[in-house]
Amino acid sequence: MDAVEEIKTRLDVADVVQEYLPLKPAGSGSFRGLCPFHHEKTPSFYVNRPRQSWHCFGCNEGGDIISFVMRMEGMEFREALELLATKAGVELPTFDVKKQSDKKRLYEVNMMAAKYFRAMLLESPNAEHARTYAASRGIDDLTGDLWLIGYAPDGWSNLTEALTKKGATEDELIRAGLIGKREQGSGTYDRFRNRLMFTIADVHGNIVGFTGRLLSDEQKEAKYVNTPETQIYKKSSVLYGLDKAKGDIKREDLAVIAEGNMDVVTSHRVGVANVVASSGTALTGEQLNLIKRFTTNLAIAFDQDAAGNAATIRGLDLARQLDFNIHVITLPPEAGKDPDDVAKKDVNLWRDAIRDAKGIVDWLYVNAFRGRDVQKPEDKKLIARDLLVEFRRIPDPVERDGWVTRLARDLAVSEDALREAMKGMKPSPPNTVTTDAKHAEPVQKKAVEAESRQIQLQDRLLAIIQLKPELRALAQERLARYPLAEPEREDLSNYLAILADREFEDQSLDTLTKDLEKTATDLHELLLKQECERLEQEMRDAERLGDTARINALAAQFTQLNS
């Protein structure tokens, strides 16, 4: 037995799922609850104990114990396997032992540093000014403990001395980015000195680095100092607070992206916990892929100073290319310049700002007019240039046309002039529907609906038969000329078992028989209709080619089919 099968043997899917959400009995060995992967009021999430599988009939997601943990924790396969192996007491085959051991050790060293910084903030006689500053930012003891916010004392070797006494080596401290080698001469120095320390964790809660902030804006140094790139810290791959926010992001189906650490800390403290920080940089592909594990909806909260900045706007391009649904939060000017200020002043103002966030095109529209005079031809040209590029990216032609009409009105120019200007812009917008596609769309939609109905009927029929195998002969009799399909894949078989528990719990054999007869009859009629339509289309094709023999053969098939 391999490790995966041993884990599945030792752990029960229902028990593991119930660590994340409440379940209630729902049939023979099945349980149901509210789906953790989409919003719903009526439970459509089912777990089947005999088959050790789960399925949601609302969002159509499903799988086994490993896929559930992957989705809930935002983990890759190996990561989920390791978590479950620990629960099950199973030893996984080793791989890259040294590399994994090195990473684990650096996590440990960073945790030692985080505890040291936290203790300094709470206990050091020389940290009174840091405690005063922390209090002024709304960092109470509970918040500080939760986020491991601390203080790096002034001095060149305090951290080094403290951690080497606890068993860390100088080489480990260097590789963790906590200390650096002196440029001249020998020796090392503490990288963080006399700063408020924010602990940075990866999506799974491993401590990978730190951000140190000056305690006074009057100091002539960089306001922030970050851990340099290390084996475990890549700034482009980390979002501050994601380890704590991922559950709320999934439940709200929305990730709020702020810029600073305190934006995140304060927002979580007042109860808005689906917030993370990009640390003042444009979102990277790695960060966006992390977020995509939990949602494809983003609400971006810019500082007032940054709103409208060209670099800020460009920073959203990658998210748009990755098909994120993007809104931009406009903060109330009177409430402060960033989410930290607004959330501290009134949490409801912050909640309202998130709720009222504008779609990206709407936000860009407003910003295109900012600081420009529509009476000046040159400004009109600049506004049109900025916005027409964006309009071309809108895939829906009706929405795109609406924006052009609005812009023509606001600039007091003709729509034809704007369309002419837009026509000359390249490249063409992605996902634009062509003329041929427009004509084909009703036919394609009809075909997709028919296929969906066919699958629905087939699944219902097979679920009844899986529950009551003695009804198979009756189903085949009702289907007449169409052979009854068999579920070849285990995951489909699991899905059918869960569907049976959901739809036919406690139903009598007589009731199930009547349901099967109706379902089989409906499926037969649908398949017959599809076959007739196929023959009619083939006859039309044969007529265009003048193929009399083919027409006669198809007509004979059609007559036989409907006899």
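The values are calculated or read from the model by the stated rules, or taken from the named source; none is laboratory data. Owing to the predicted nature of the structure, the values given are computational and were not obtained by experimental measurement. Please note: Cβ atoms are built from the backbone with ideal geometry, for glycine as well, and neighbour counts cover all protein chains shown. Ligands, DNA and RNA are stripped out before the accessible areas are found, and what is left, the full protein with its side chains, is counted by its heavy atoms. Shrake-Rupley method; radii C 1.70, N 1.55, O 1.52, S 1.80 Å.
Quick notes on this one:
- Residues of segment 285-324 satisfying the condition of being modelled with pLDDT of 85 or more and among the β-branched types (Val, Ile, Thr): Ile291, Thr295, Thr296, Ile300
- In this structure, Met111 does satisfy being in contact with a strand residue (DSSP E or B) (Cβ under 8 Å, 6 or more places away or on another chain) and open to solvent by 50 Å² or more (accessible area, probe 1.4 Å).
- Hey, Phe117 part of a helix (DSSP H, G or I), in contact (Cβ under 8 Å) with a residue 40 or more places away in the chain, touching a strand residue (DSSP E or B) at 6+ places or on another chain (Cβ under 7 Å) and within 25 Å of Tyr495 (Cα to Cα) or not: no
- Some residue of segment 237-245 being among the small types (Gly, Ala, Ser), assigned to a strand (DSSP E or B) and surrounded by 16 or more Cβ atoms within 10 Å (Cβ to Cβ): no
- Helices (runs of 4 or more DSSP H) within segment 337-412 that include 2 or more residues surrounded by fewer than 17 Cβ atoms within 10 Å (Cβ to Cβ): 347-355, 360-369, 377-391, 397-411
- Top-ranked residue in segment 84-103 [being of a type in the set (Ser, Thr, Tyr) and modelled with pLDDT under 85; ranked as surrounded by the fewest Cβ atoms within 10 Å (Cβ to Cβ)]: Thr94
- Which listed residue is closer than 30 Å to Leu474 by Cα, open to solvent by 50 Å² or more (accessible area, probe 1.4 Å) and either small (Gly, Ala, Ser) or at pLDDT 80 or above (or both), from Ala556, Ala520, Ala549: Ala556
- All positions within segment 351-375 that are touching a strand residue (DSSP E or B) at 6+ places or on another chain (Cβ under 7 Å) and basic (Lys, Arg): Lys358
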